[in-house]
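The values are calculated or read from the model by the stated rules, or taken from the named source; none is laboratory data. Worth saying up front: this structure is predicted, and the values here are computed from it rather than measured. Ideal geometry is used to build each Cβ from the backbone, glycine not excepted, and the neighbour counts take in all protein chains shown.
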């Protein structure tokens, strides 16, 4: 279930699903003001799901992140900007080669303010023509976050030499760092 520890209790939480959590965790960990990122599962019906169960696409859960952030340093709006610009929110149940409901684009909002900001941002992007297709990102109320198994936590930093990290995550991370250089931690 959702963690409530001394390291996260005074922080705000954002919960995003935007593809494989190995890739997205590596991105959000780099942001100044983000204190902790946990990979996990949310939005489904199975209690305490395993990675193997979620991979079947039958649990209803999305691979997602709980992002614990200091809102005096980085705002939810800024996190939304990173969310929208680091995945394709126009593909239903798919990010790159990863396919299935567990890879859906989703924002699990924690309160009405987060919901309102996410809706406004999505409407603004749709109207601007920023994407060639309509945005399919779901906005769902947050209910429960199940932390993924330990080997999924801090995956890129622990496994940077694995081919998936080198050929999939690293290029995405380099592109992200160029686009968001002003929002990065000084010593990640």
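Only one of the numbered conditions (1) over 20 Å from residue 150 (Cα atoms); (2) in contact with a helix residue (DSSP H, G or I) (Cβ under 9 Å, 6 or more places away or on another chain) is not met by residue 115, and that is (2).
Mind checking whether some residue in the range 131-147 is part of a helix (DSSP H, G or I) and either more than 14 Å from the chain's Cα centre (by Cα) or loosely packed, with under 15 Cβ neighbours inside 10 Å (or both)? For the range 131-147, residues part of a helix (DSSP H, G or I) and either more than 14 Å from the chain's Cα centre (by Cα) or loosely packed, with under 15 Cβ neighbours inside 10 Å (or both): absent. Residue check: residue 170 meets all listed conditions (1) under 14 Å from residue 23 (Cβ atoms); (2) in a helix (DSSP H, G or I); (3) in contact (Cβ under 8 Å) with a residue 60 or more places away in the chain but one, namely (3).
Just to be sure, is residue 23 more than 19 Å from residue 118 (Cα to Cα) and modelled with pLDDT under 95? Please lay out each step first, then the result.
Details: more than 19 Å from residue 118 (Cα to Cα): yes; modelled with pLDDT under 95: yes.
Yes; evaluated as a whole, the condition is true for this residue.
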